[in-house]
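Novice: The structure's right below; bear with me while I get my questions together.
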Amino acid sequence: MEYERWTTEQWTETVSVDEHDLEVAYYDEGDGEPIVFCHGIPTSSFLWREIAPPLADDYRVIVPDMVGYGNSAMHDGFDRSIRAQEEMIDGLLDELGVDPVTFVGHDLGGGVGLRYAVHEPEAVDRLVLSNAVSYDSWPIETIVDLGIPSTIDEMSVKDVQEMVEKIFRNTLAGDPDEAFLEGMFVPWNSEEGIVSLSRNAIGTNTSHTTEIDPGEVAARTLLLWGADDEFQPMEYAERLESDVSEAELIGLDGANYWVMVDRPEAYRNRFRSFLEDA
């Protein structure tokens with residue numbers, strides 16, 4: 001699916017986050033048990049384009065752009081941390097009348113899922129984490145630097161686009177999918193977009209994962225990990241497997257940080273098996 005089509009199929013809801021009324025864009029397709037997919041930085045809901053739509057024949061798939069990302073609110077003046085994103089998810093699902101869910105999170109979205117599963121155990125039946133931030137595994141230096149206002153002040157839109165492109169091209173396994181890359185760049189092609197990206201970066205607060213105990217996750221959990229990742233390496237997945245009582249770890253070889261992009265068919269098959277395993 002191309003990015004333009006993805007965005008035309010999105011819906012919007014206004015959700016209150018820290019008393020700010022923020023517009024949230026989300027893809028919502030299918031009927032049946034609900035599955036919520038949450039992306040990270042510097043991506044958007046389009047990250048899940050090869051995973052979520054094929055599941056819509058059997059499940060309801062809900063794929064939001066986190067606030068500050070994609071087609072959700074990007075104006076300045078609100079928190080974009082995973083704590084705030086957790087509040088957004090809770091508010092969005094309340095607006096949609098959806099509960100409980102299977103929650104799938106990558107990168108920062110995985111950190112959101114960990115928090116949500118601990119704080120709202122009755123709202124999360126199953127949890128899937130892919131190369132997720134956890135413990136003190138994050139943020140990485142590139143993202144920290146991007147969050148410094150003086151850094152972004154010295155960068156043009158073109159500079160930021162080139163930086164984001166370099167991140168993806170250096171961390172995707174094999175030849176990159178150009179349609180995927182184009183979709184990743186679009187949200188950051190304006191002055192508002194690059195300021196929002198910087199605010200997203202400064203919102204990467206390690207305390208928001210170190211303050212929770214993964215041992216309190218009650219949901220059945222699948223750790224579906226790109227085994228070749230240097231950003232969130234397998235050692236953190238192994239630690240989560242040890243701490244979460246009902247956790248299974250599957251490492252996909254030949255997949256880097258963007259595991260659902262590097263090996264989409266294997267990801268879909270492993271994920272569907274997890275869903276169908278009573």
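The values are calculated or read from the model by the stated rules, or taken from the named source; none is laboratory data. As the structure is a computational prediction, the values presented were derived from the model and not from experiment. As a convention, Cβ positions derive from the backbone with ideal geometry for all residues, glycine included, and neighbour counts pool all protein chains shown. Just the protein is used for accessible areas: all its heavy atoms, side chains included, with ligands, DNA and RNA removed. Shrake-Rupley method; radii C 1.70, N 1.55, O 1.52, S 1.80 Å.
Novice: How high is the relative contact order of region 18-111? Use alpha-carbon pairs under 8 Å, at least six apart in sequence, and give a whole percent.
Specialist: Details: 161 pairs, mean separation 36.6, N = 94.
Computed over region 18-111, the figure is 39 percent.
Novice: Now for a different question. Counting each DSSP H run of 4 or more residues in the chain as -39500 (n - 2.57), what helix-only mean residue ellipticity at 222 nm follows after dividing by all residues, to the nearest 500 deg cm²/dmol?
Specialist: Per the formula, -11500 deg cm²/dmol.
Novice: Kindly provide log₁₀ I(q)/I(0) values, in the same order as q = 0.10, 0.21 Å⁻¹, from the Debye equation applied to equal alpha-carbon scatterers of region 90-219.
Specialist: -0.41, -1.20
Novice: Using the Cα atoms as the points, what is the convex hull volume per residue of region 184-276 in Å³?
Specialist: Output value, Cα hull per residue: 132 Å³.
Novice: Quick one: net charge around GLU192, please, counting Lys, Arg +1 and Asp, Glu -1 for every other residue with C-beta under 15 Å from its C-beta.
Specialist: -3
Novice: Return one whole number: the accessible area per residue of the chain in Å², for a 1.4 Å probe.
Specialist: For the chain, the per-residue accessible area is 41 Å².
Novice: Shifting gears a bit: First select every other residue whose beta carbon is under 14 angstrom from the beta carbon of LYS158; then total the charges, Lys and Arg +1, Asp and Glu -1.
Specialist: On the way: positive: LYS166; negative: GLU154, ASP159, GLU162, GLU165, GLU191.
Once positives and negatives cancel, what remains is -4.
Novice: When Rg and Dmax of the Cα atoms in Å is calculated directly from the model, which label among (1) 17.0, 53; (2) 18.6, 57; (3) 17.5, 50 fits?
Specialist: Read-out taken from this structure: (1).
Novice: Right, another one. Which net charge results when you count Lys and Arg as +1 and Asp and Glu as -1 among the other residues whose beta-carbon is under 10 Å from that of THR43?
Specialist: With Lys, Arg at +1 and Asp, Glu at -1, the neighbours total -2.
Novice: Something else: How high is the relative contact order of the chain? Use alpha-carbon pairs under 8 Å, at least six apart in sequence, and give a whole percent.
Specialist: Dividing the mean separation by the residue count of the chain yields 19 percent.
Novice: What percent of all Cα-Cα pairs in region 10-161 falls into each 5 Å bin, going from 0 up to the bin containing the maximum distance?
Specialist: 2, 9, 18, 23, 21, 14, 7, 4, 2, 0
Novice: Next question. What dipole magnitude, in Debye to the nearest 20, does the chain give about its Cα centre under +1 on Lys/Arg Cβ and -1 on Asp/Glu Cβ?
Specialist: I would put it at about 400 debye.
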